[in-house]
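Since the structure comes first, as C-alpha cells, the remarks are kept for the end.
The values are calculated or read from the model by the stated rules, or taken from the named source; none is laboratory data. Note that the coordinates shown come from a computational prediction; the quantities given were computed from them, not determined experimentally. Note that we place each Cβ from the backbone using ideal geometry, even for glycine, and neighbour counts take in every protein chain shown.
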Amino acid sequence: MKVFQRNLRCIFVGLFALLSFLFFNCQQSSVLPNIVLIYIDDMGYADIGSFGAESYQTPHLDKMASEGMKFSDFYVSQAVCSASRASLLTGCYSNRVSILGALNPHARHGLNDAEVTIAELLKQKDYATAIFGKWHLGHREKFLPASHGFDEYFGLPYSNDMWPDHPAKRLYPELPLIEGTETIQTLKEQSMLTTWFTERSVKFIEKNKERPFFLYLAHSMVHVPLFVSDKFKGKSGQGLYGDVVMEIDWSVGEVMETLQRLGIDDNTLVIFTSDNGPWLSYGTHGGSALPLREGKGTAWEGGQRVPTLMRWPGKIPAQTTCSTPAMTIDILPTIAEITGTTLPDHPIDGKSILPLLRGDENAQSPQEAYYFYYGQRLNALRSGKWKLHLPHSYTTLSGREGGRDGKPVPYDIARTDTVLYDLENDISETTDVKDVHPEVARRLAKLAAEMQQKLGDEGISGSEIRKPGFIDGYITEKRQVTHQALGKPITLTHPYSPKYTGGGNNALVDGIRATSNFHDGSWQGFEEDDLLAVIDLGSATPINSITIGLMKDVYSWIFLPEYITYEISDDGENFQTIAEIPDDAFETEEWSAIREMHSEFENVTTRYLRVRAKSVGRCPEWHPGAGGKAWVFVDEIIVK
C-alpha cells in the first residue's frame with residue numbers, strides 16, 4: 001500500500017511538474033518580443049568590422065555579429081534615401097507606394113496614410129512605438145511619423161545635407177529638428193545628432209521595459225555632412241569618417257547595454273542595416289563597398305547590397321552567416337509572423353524570412369527574384385545566384401578618386417547593356433555570362449517584363465501602383481481643355497522621347513492637361529533637345545494668349561527651360577518674334593512643380609505659331625547627375 005501511495009505521489013509530482021513546465025512555456029511564448037531596427041544612412045558594405053573594415057574599430061557591432069547572424073547578401077529595393085525607407089517600413093517596393101528618389105524640402109507629397117507601416121502593424125498588439133532620427137517620407141505635418149503609427153518622433157524630416165550649407169549652395173531652408181509635429185529648433189551644426197538620437201532611444205527603452213515596444217533608430221550619419229561629438233573626434237585616427245562610424249558603433253553598444261541591464265535582451269530582436277551603399281563622389285567623407293562594384297544611386301551591388309546584422313538570443317543562432325538573398329521588404333512580414341499580427345489588406349511585396357533568421361535547415365529565400373529600381377526605371381534583378389542588368393545609364397567615377405573634406409567630385413555617366421552575372425563566383429560583377437547561360441538570361445528577362453507590367457518602368461504605367469499622399473495643389477487627375485490650336489497640325493523639329501510620348505504626335509494640342517506625375521502618359525519629354533514646335537492654325541487667326549504647361553522635377557533630371565519664345569508667320573517660313581520669356585519669369589525654388597506660362601497679346605493675327613522652349617541641355621554641376629542629359633517636359637500649348 002505504501003509503495004502504491006509513494007508511486008501515486010510520484011505520478012502527481014511528475015504531472016504537476018509537467019503541467020507547470022507547459023504553463024510556463026505557454027506563458028513565455030505569449031510574451032511579445034521587442035523590435036529594435038537600426039537604420040544607418042549611406043553606410044557601405046565594407047564599413048564595419050564584420051564586413052571588412054580594418055582601419056578603425058567597431059567592437060559593439062562585431063560583438064553583435066558574433067552573438068547573432070550576419071546577412072552577407074541583404075539588399076535594399078532602391079539605392080536612395082526616401083525610396084529605401086518606404087520599402088523598409090511598408091514591405092513594398094517603393095514604386096508600388098510611389099515614393100521615389102529622395103524627397104526634398106520642396107516636395108508636396110509623402111507616404112500615403114493608407115499604407116501600413118511596421119509601427120501601425122504592431123499597434124495591433126499595443127506596442128509602444130518610436131522613431132529617433134531621419135524620417136524622409138514627407139516633411140509636411142500630414143506625412144510625419146505621428147500619422148504612420150509612431151507614438152514618439154524626434155529627428156530630421158529629410159537628409160541632413162538639405163540645408164543652407166550644402167556644398168552646392170542650393171536654396172534650401174534652415175534644417176529643422178522636429179519633435180512630434182513641431183519644429184523645436186533649426187540646426188547650425190550637427191555634432192550632437194548621433195548622441196541625441198541614442199539618448200532618446202535609451203530613455204524610450206527604459207520607459208517601456210514592461211510592455212512590448214518597437215524602436216526605429218534611423219541615424220542621419222554617415223550621410224554627409226559628417227559631424228561627430230567631442231567624445232569621438234579624432235578617436236579613430238582615420239579621419240572624420242572613421243570617427244563617425246565609431247560613434248555609430250558606440251550608439252549600438254548603448255542600446256545593447258540598456259537591453260541587457262533591464263533584463264529584456266533575450267526578448268528583443270535587434271536588426272542593424274543601411275539604407276543604401278556609400279556615396280562615392282564624396283571620397284574621404286564616404287564609405288567603402290569593396291569588393292562590390294559602384295555605390296549609392298546605382299543598381300550595382302555596391303549600391304544595393306548593404307551590411308546587415310540580426311541578433312535575438314536563443315532564437316537566432318550565434319556566430320552564423322546567411323548567404324541567401326533577402327531584402328528590406330521582407331522585414332515587415334517577418335515581424336508580422338513573429339508577433340502574430342495581421343498583414344495589410346492591400347498587396348505587399350515582402351515575404352517572411354523567419355526560417356532564415358532561425359537558421360532552419362534547408363531554409364530558402366521565399367522570393368523568386370528581387371528587383372532593383374532607380375526612380376521609375378527597373379535596372380536589375382537577382383534570382384538565386386544570378387543577377388541580370390537591363391540596359392540603363394548609371395553614375396560612376398570611372399576609377400577616379402572621390403572628393404575630399406566634404407566636397408564631392410562630379411560623376412561620369414556610363415551605360416550598360418543587358419548583362420548577366422553569377423554572384424556566387426563573381427561578387428564584383430566583372431564577367432558577363434549571358435551567352436554561357438542564355439536560358440537563365442531569358443528566364444530573368446521574362447520576370448523583369450512581368451514586373452514592369454505590375455510596377456511600371458519609364459514609359460510604362462504599372463497596373464499595381466498606388467498613389468502617394470498629396471498636399472493641396474498637387475494635381476492628381478487629368479483635365480480637358482478647349483482652345484484654338486486643339487487638334488491642329490503640329491510639326492516638331494526635334495523628336496520627343498519614345499519613353500515620354502504624351503500620347504503621340506499631337507500630344508501638345510490634344511486638349512489633355514497632365515497631372516503632377518510625369519509618368520501619367522500625358523507629358524511629352526525632350527531629352528537634351530529644345531522643344532521647337534510649329535502649329536498650323538489653318539488660316540489667319542486672331543490670338544490673345546498662349547499658355548504652355550511645363551514640368552520641373554530636378555531629382556528626375558527634368559528642368560524648366562532657359563527661356564521660351566513665341567513667333568508668328570503667315571507663310572510658315574518667315575517668322576517674327578512676338579514674345580521672349582526669360583527663365584526668371586517662371587523659375588521656382590520648388591524642386592518639383594508644374595508651371596503654366598501664360599502670355600497675353602494685343603492685335604496679333606497669325607496662321608503659323610512657332611514655340612521654342614530652350615533646354616538647359618545638361619544637368620548642372622551641383623546635380624547628382626551632373627553632365628547627364630536634362631529633360632524638358634511639356635503637356636499642352638493652349639492658344640486662345
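For the stretch 447-491, the set of residues classified as of a type outside the set (S, T, N, Q) and closer than 22 Å to residue 536 by Cβ consists of 481, 483, 485, 486, 487, 488, 489, 490, listed by residue number. When restricted to residues that are surrounded by 15 or more Cβ atoms within 10 Å (Cβ to Cβ) and either more than 29 Å from residue 621 (Cβ to Cβ) or touching a residue at least 60 places away in the same chain (Cβ under 8 Å) (or both), the stretch 169-179 contains 4.
Between 141, 120, the distinction of being assigned by TED's automatic domain parsing to the domain that holds residue 79 and within 20 Å of residue 33 (Cβ to Cβ) belongs to 120 only. Is it the case that some residue within the stretch 496-508 is crowded, with 19+ Cβ neighbours inside 10 Å and among the charged types (D, E, K, R)? No, the stretch 496-508 contains no residue that is crowded, with 19+ Cβ neighbours inside 10 Å and among the charged types (D, E, K, R). Would you check which residues across the stretch 429-454 are farther than 30 Å from residue 618 by Cβ, assigned to a helix (DSSP H, G or I) and of a type outside the set (D, E, K, R) and list them? Within the stretch 429-454, 438, 440, 441, 444, 445, 447, 449, 451, 453 qualify. Inspect all residues belonging to the stretch 224-241 and state whether any of them is buried (at least 17 other Cβ atoms within 10 Å of the Cβ), within 23 Å of the chain's Cα centre (by Cα), under 23 Å from residue 37 (Cβ atoms) and of a type outside the set (A, V, I, L, M, F, W, C). Within the stretch 224-241, not a single residue is buried (at least 17 other Cβ atoms within 10 Å of the Cβ), within 23 Å of the chain's Cα centre (by Cα), under 23 Å from residue 37 (Cβ atoms) and of a type outside the set (A, V, I, L, M, F, W, C). Of the residues making up the stretch 165-182, those that are of a type outside the set (D, E, K, R), at pLDDT below 95 and touching a strand residue (DSSP E or B) at 6+ places or on another chain (Cβ under 8 Å) number 0. Residues of the stretch 86-105 that are part of a helix (DSSP H, G or I) and either in contact with an Asp or Glu (Cβ under 6 Å, 6 or more places away or on another chain) or small (Gly, Ala, Ser) (or both): 86, 87, 90.
Filtering the stretch 373-404 down to residues that are at pLDDT below 95 and farther than 26 Å from residue 283 by Cα, which residue is surrounded by the fewest Cβ atoms within 10 Å (Cβ to Cβ)? This residue is 377. Taken over the stretch 317-330, residues that are closer than 20 Å to residue 49 by Cα and in a strand (DSSP E or B) amount to 3.
Is the stretch 405-423 home to any residue that is surrounded by fewer than 17 Cβ atoms within 10 Å (Cβ to Cβ), among the charged types (D, E, K, R) and at pLDDT 95 or above? Yes, that holds for at least one residue. Cβ-Cβ contacts under 6 Å between residues 6 or more apart (or on different chains), taken from a first residue in the stretch 381-410 that is closer than 21 Å to residue 625 by Cα and outside the structural domain of residue 305 (by TED's automatic domain parsing) to a second residue that is at pLDDT 95 or above and of a type in the set (D, E, K, R), are listed as 391/417; 393/415. Evaluating residue 616 against the criteria (1) β-branched (Val, Ile, Thr); (2) surrounded by fewer than 21 Cβ atoms within 10 Å (Cβ to Cβ); (3) assigned to a strand (DSSP E or B) leaves one unmet condition, (3). Can you name every residue in the stretch 577-600 that is surrounded by 12 or more Cβ atoms within 10 Å (Cβ to Cβ) and either modelled with pLDDT of 90 or more or charged (D, E, K, R) (or both)? Correct list: 578, 580, 583, 587, 590, 595, 596, 600. Scanning the stretch 37-64 for residues that are in contact (Cβ under 8 Å) with a residue 40 or more places away in the chain and among the acidic types (Asp, Glu) yields 41, 42, 47.
Of the residues examined, residue 466 is one that is charged (D, E, K, R), closer than 30 Å to residue 110 by Cβ and modelled with pLDDT of 90 or more.
In the set (1) surrounded by 15 or more Cβ atoms within 10 Å (Cβ to Cβ); (2) under 15 Å from residue 485 (Cα atoms); (3) among the aliphatic types (A, V, I, L, M), residue 632 fails one condition alone, (2). When the residues of the stretch 467-495 are filtered to those that are surrounded by 16 or more Cβ atoms within 10 Å (Cβ to Cβ) and under 20 Å from the mean Cα position of the chain (by Cα), which remaining residue is nearest to residue 378 (Cα to Cα)? Here the residue is 468. Taking the numbered list (1) outside the structural domain of residue 290 (by TED's automatic domain parsing); (2) modelled with pLDDT of 95 or more; (3) in contact with a Phe, Trp or Tyr (Cβ under 8 Å, 6 or more places away or on another chain) in turn, residue 327 passes all entries but (1). Within the stretch 266-316, the set of residues being in contact with a Pro (Cβ under 6 Å, 6 or more places away or on another chain), in a helix (DSSP H, G or I) and either at positive phi or surrounded by fewer than 24 Cβ atoms within 10 Å (Cβ to Cβ) (or both) comprises 266, 267.
Residue pairs whose Cβ atoms lie under 7 Å apart, sitting 6 or more positions apart in sequence or on different chains, and linking a residue in the stretch 552-569 that is within 21 Å of residue 83 (Cα to Cα) and free of Cβ contacts under 8 Å to residues at least 40 places away in the same chain to a partner that is part of a strand (DSSP E or B) and among the aliphatic types (A, V, I, L, M), do not occur here. Determine if the stretch 476-496 includes at least one residue that is outside any loop (DSSP other than H, G, I, E, B), within 22 Å of residue 109 (Cβ to Cβ) and touching a helix residue (DSSP H, G or I) at 6+ places or on another chain (Cβ under 9 Å). No, that holds for no residue.
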